[in-house]
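Step one of this worksheet: look at the structure below.
The values are calculated or read from the model by the stated rules, or taken from the named source; none is laboratory data. The model shown is predicted, which means the values in this text are computed figures rather than measured ones. Virtual Cβ from ideal backbone geometry, glycine too; neighbours counted across all protein chains shown. For accessibility, only protein heavy atoms count, side chains too; no ligands or nucleic acids. Shrake-Rupley method; radii C 1.70, N 1.55, O 1.52, S 1.80 Å.
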Amino acid sequence: MKKIALIGICSICLCFSSFSQVKLVVDYDSGPVSHGVVALGKALVKKGESVKLYSHSDPLEDAGIRVILVDPAAPNKGQKEIEKEGYSIENQKGEIHVKATDEIGAMYGLLAISDELRHGKGLADIKDQAVNPAMEYRIVKFNLPWSPYRDSEATRIHTKVCRDLNFWERFLDMMVENRLNVLSLWNNHPFPYMVRTENFPDASPFDQREMEEWQDFWHSLFRMAKDRGIQTFIVNWNIVVSPSFVEAYGGEEYNDLSEQVIQYTRESVATLIDEYPDLTGIGVTLADWMGTFDEKMTPEEREGWIEETFVQGMKDAERKVKFLHRSVLAGDPMAMREVLANAELEDPALVEIKFNWSHGHSTPKLAITHDYHSGELDQRFWDPIPEDYNIQWMIRNEDFFILRWGQPDFVREHLKENNHTYVNGYFIGSEGYIPALDYSHVPSPQKTWQYAFEKQWMFYKVWGRLLYDDGLPDHYFEDEITLRYGEGTGKGLLKAYKLASNVPMRLASFYRATWDYTLYAEGFLAPEPSNHEAFFDRSSPFISLEELVNHETLDPGLMSISDFVKSKLQENGVSEKMGPLDLADLAEIEAKEILELLGDLRRMESNYSGALQSELDDMETWAYLGLYFADKVRAGVAWEFHRQAENRVKKDEAISYLERCVGHWDEVIRLTKDRYRSVPHVSTEHYGEEFTTFSWEQFRPQVVRDLEIVKKSK
């Protein structure tokens with residue numbers, strides 16, 4: 001065991017020597033196992049017990065808990081086979097055996113016992129269990145604020161926090177708790193912040209002292225992650241160099257196809273790998289500065305550049321690492337397949353595909369990807385089944401940055417629908433949002449968290465725990481809520497979470513969006529068009545009634561407003577698709593159920609201090625956004641009937657629904673204006689001064705504008 005873990009446990013024993021003592025037998029000098037031991041020790045202390053460590057060589061017949069690493073090739077006597085990062089817990093006549101084939105699995109086994117203790121069980125109550133990861137790769141996508149892909153105040157505001165190792169310690173601890181096992185770090189061009197290469201030393205703008213500080217930071221971060229069983233990947237965009245490189249060596253910052261940039265990139269890759277032995281892998285993305293939009297490079301030329309730089313740099317390095325190859329706007333998966341087949345990788349490559357483009361929190365049905373400008377699905381990524389890589393779905397979130405989200409049923413359905421033989425992982429994360437500094441919530445007694453990811457605790461818990469154990473039942477999440485907020489809160493708040501989290505997903509399923517700026521669901525914004533440019537008026541980032549009516553759906557099982565009205569007027573019969581009015585009815589039913597649940601939960605606010613009020617306010621905000629969505633859809637249907645059939649009654653009906661929409665939006669404002677600041681938002685920054693920040697209150701004029709347009713229409 002590592003000394004730090006032993007010191008932590010021994011201090012517990014000394015401080016609570018009068019407590020009953022649990023004997024823990026473990027023999028591994030391992031950061032992950034040490035992390036599990038410390039977590040178990042803390043859970044036992046809260047129950048009035050302590051831990052004393054022994055090794056397997058100690059003559060001990062009645063250990064309380066034994067950690068046993070087993071040979072994965074050995075027969076398991078009829079028990080469930082233990083896979084990589086899996087574990088089993090067996091009660092052997094009062095002695096608990098934690099079995100795993102690797103140290104990360106052993107850590108998860110110890111954490112599982114800790115969870116049960118935290119949820120009120122005693123050691124004697126722990127039953128036999130065996131869990132293997134549902135997904136091998138459970139990956140957090142984390143954009144770095146330096147050399148950012150999306151440069152804005154919403155990014156820059158996080159710079160100080162993201163250089164603080166205290167922040168990363170908390171973030172990594174959260175990942176372990178939720179069984180998220182890969183931290184992928186993304187920016188345009190990371191190399192100048194990490195290495196100084198032999199032939200291009202001036203590509204980095206930092207002096208020797210500054211570079212050493214940066215390298216100390218990275219070494220510490222990667223070591224902290226490794227000690228927790230977390231893999232780390234650095235992801236570079238593609239053909240990009242630093243401004244310092246251009247100043248020192250000439251050329252262009254972006255899309256410079258010269259031999260000089262090829263040499264620099266290849267050397268940077270090799271140097272990075274050799275400088276950071278705790279770094280797991282390196283990644284590169286297609287698109288953007290590879291002539292994606294004006295077709296200066298063919299798919300074969302793009303892949304050839306990656307082969308000359310990243311793949312060759314990996315071969316030049318002194319050790320092997322894993323390789324992440326993004327498929328964004330690949331254009332031809334066969335070119336990628338050929339490069340990966342020749343890459344001589346020890347492990348299959350990771351190929352990330354954006355599930356429903358930048359809005360994965362929509363429908364669990366795969367409708368579009370980002371592999372082509374059109375969003376079309378290309379079966380050749382997985383047919384035939386790849387041998388040199390596996391696919392990981394990227395579930396991007398560009399739809400809720402402020403309000404809380406957590407829908408375990410959606411994650412379960414997603415895994416059931418999309419867990420194919422060629423899929424071995426998921427990414428979760430955003431492009432326009434960094435979960436570091438919480439810059440949205442005003443200081444108050446309800447703000448008991450420090451960092452943004454801590455406020456969004458349910459988001460990470462739902463995704464992480466179900467990606468690890470897709471059979472985890474609801475009562476686990478109910479127990480976690482109860483631990484935070486007290487008896488009686490778990491079942492009701494989890495149900496409210498589920499219903500509230502449906503609100504942005506219903507909009508994202510109904511309003512087909514593609515890249516990042518084409519939808520921000522919690523704000524009802526679509527700053528850029530994803531299609532039908534003619535109906536996109538650019539009056540503001542807000543989704544106008546006209547835009548909602550004429551927009552196609554993402555979910556193939558839903559019918560758009562315009563198609564629905566046309567079908568009804570032409571009497572085309574019954575469609576198998578869900579119509580917009582049925583969707584609106586469902587949204588209203590769920591919103592009203594949230595409000596009913598909150599009635600009981602609100603009565604507990606005085607009993608439990610802390611963030612419960614903030615959680616409930618978020619759920620109520622979602623409820624009124626759901627009511628707004630329902631009535632806006634109904635207004636759109638009525639208005640379209642009026643326009644197509646010149647039905648005055650339908651115009652009056654649309655006006656009535658839009659008047660209700662104003663009332664719903666005012667409730668959203670009431671629930672948010674004193675809790676949340678007007679915040680920088682990456683997708684609205686180019687709309688002028690009135691839209692450089694986001695709040696629900698500042699978009700009230702756009703809500704009223706819908707009403708006024710319909711009133712004035714003929």
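A few remarks follow.
- Selection status of residue 670, touching a Phe, Trp or Tyr at 6+ places or on another chain (Cβ under 7 Å) and either open to solvent by 10 Å² or more (accessible area, probe 1.4 Å) or modelled with pLDDT under 95 (or both): no
- One residue stands out among those in the range 144-159 that are polar (S, T, N, Q) and farther than 17 Å from residue 243 by Cα: the one that is surrounded by the fewest Cβ atoms within 10 Å (Cβ to Cβ), which is 159.
- When restricted to residues that are surrounded by 19 or more Cβ atoms within 10 Å (Cβ to Cβ) and either among the hydroxyl-bearing types (Ser, Thr, Tyr) or touching a residue at least 60 places away in the same chain (Cβ under 8 Å) (or both), the range 655-667 contains 2.
- Matching residues, the range 668-690, being assigned to a helix (DSSP H, G or I), in contact with a helix residue (DSSP H, G or I) (Cβ under 8 Å, 6 or more places away or on another chain) and touching a residue at least 24 places away in the same chain (Cβ under 8 Å): 668, 669, 671, 672, 685
- Residue list for the range 200-218, filter: open to solvent by 10 Å² or more (accessible area, probe 1.4 Å) and either free of Cβ contacts under 8 Å to residues at least 40 places away in the same chain or closer than 24 Å to residue 325 by Cα (or both): 201, 205, 206, 207, 208, 209, 210, 212, 213, 214, 216
- Meets criteria (in contact (Cβ under 8 Å) with a residue 24 or more places away in the chain and open to solvent by less than 70 Å² (accessible area, probe 1.4 Å)) for residue 525: yes
- Some residue of the range 272-283 being surrounded by fewer than 16 Cβ atoms within 10 Å (Cβ to Cβ), modelled with pLDDT of 95 or more, part of a loop (DSSP other than H, G, I, E, B) and over 26 Å from the mean Cα position of the chain (by Cα): yes
- Within the range 222-241, at least one residue is assigned to a helix (DSSP H, G or I) and touching a residue at least 60 places away in the same chain (Cβ under 8 Å).
- If you filter the range 528-542 down to residues that are surrounded by 18 or more Cβ atoms within 10 Å (Cβ to Cβ) and among the hydrophobic types (A, V, I, L, M, F, W, C), you find that the one that is farthest from residue 692 (Cα to Cα) is 536.
- Of all residues in the range 348-357, none are part of a loop (DSSP other than H, G, I, E, B), polar (S, T, N, Q) and open to solvent by 10 Å² or more (accessible area, probe 1.4 Å).
- Taken together, the residues in the range 529-544 that are assigned to a loop (DSSP other than H, G, I, E, B) and under 16 Å from residue 702 (Cβ atoms) amount to 8.
- Some residue of the range 642-649 being assigned to a helix (DSSP H, G or I), hydrophobic (A, V, I, L, M, F, W, C), surrounded by fewer than 24 Cβ atoms within 10 Å (Cβ to Cβ) and without any contact (Cβ under 8 Å) to a residue 40 or more places away in the chain: yes
Table: residues versus (1) buried (at least 17 other Cβ atoms within 10 Å of the Cβ); (2) part of a loop (DSSP other than H, G, I, E, B).
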site: 409; (1), (2): no, no
site: 414; (1), (2): yes, no
site: 421; (1), (2): no, yes
site: 424; (1), (2): yes, no
site: 427; (1), (2): yes, no
site: 434; (1), (2): yes, yes
site: 446; (1), (2): yes, yes
site: 453; (1), (2): yes, no
site: 458; (1), (2): yes, no
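- The selection criterion, being farther than 15 Å from residue 665 by Cα, out of contact with any His (no Cβ under 7 Å at 6 or more places or on another chain) and either outside any helix (DSSP H, G or I) or touching a residue at least 12 places away in the same chain (Cβ under 8 Å) (or both), holds for residue 598.
- Within the range 166-199, the only residue that satisfies the criterion of being open to solvent by 20 Å² or more (accessible area, probe 1.4 Å) and aromatic (Phe, Trp, Tyr) is 193.
- Within the range 442-481, the set of residues being aromatic (Phe, Trp, Tyr) and more than 18 Å from residue 402 (Cα to Cα) comprises 468, 476, 477.
- Restricting the range 460-478 to residues that are over 18 Å from residue 598 (Cα atoms) and acidic (Asp, Glu) leaves a set whose member that is surrounded by the fewest Cβ atoms within 10 Å (Cβ to Cβ) is 474.
- Filter pass, residue 676 being touching a Pro at 6+ places or on another chain (Cβ under 7 Å) and open to solvent by 10 Å² or more (accessible area, probe 1.4 Å): no
- Qualifying residue in the range 377-390 (condition: buried (at least 16 other Cβ atoms within 10 Å of the Cβ) and either under 14 Å from the mean Cα position of the chain (by Cα) or among the hydroxyl-bearing types (Ser, Thr, Tyr) (or both)): yes
- Residue count for the range 545-554, restricted to those that are open to solvent by less than 30 Å² (accessible area, probe 1.4 Å), in contact (Cβ under 8 Å) with a residue 40 or more places away in the chain and not in a loop (DSSP other than H, G, I, E, B): 3
- Lone unmet requirement of (1) closer than 16 Å to residue 278 by Cα; (2) touching a Leu at 6+ places or on another chain (Cβ under 9 Å); (3) of a type outside the set (Gly, Ala, Ser) for residue 216: (2)
- When residues of the range 185-225 are limited to those that are among the aromatic types (Phe, Trp, Tyr) and closer than 16 Å to residue 144 by Cβ, the one nearest to the chain's Cα centre (by Cα): 186
- Just one of the listed residues (713, 678, 695, 614) is of a type in the set (Gly, Ala, Ser) and within 30 Å of residue 566 (Cβ to Cβ), namely 713.
- Residue count for the range 229-271 satisfying the condition of being open to solvent by 30 Å² or more (accessible area, probe 1.4 Å), in contact with a Lys or Arg (Cβ under 9 Å, 6 or more places away or on another chain) and small (Gly, Ala, Ser): 0.
- The listed residue being open to solvent by 20 Å² or more (accessible area, probe 1.4 Å) and modelled with pLDDT under 85, out of 63, 39, 73: 73
- Test: residue in the range 71-81 that is under 17 Å from residue 28 (Cβ atoms) and in contact with a strand residue (DSSP E or B) (Cβ under 9 Å, 6 or more places away or on another chain): no
- You will find that of 336, 394, the residue that is over 30 Å from residue 438 (Cα atoms) and open to solvent by less than 60 Å² (accessible area, probe 1.4 Å) is 336 and no other.
- Residue within the range 339-346 that is within 29 Å of residue 478 (Cβ to Cβ), β-branched (Val, Ile, Thr) and open to solvent by less than 10 Å² (accessible area, probe 1.4 Å) present: no
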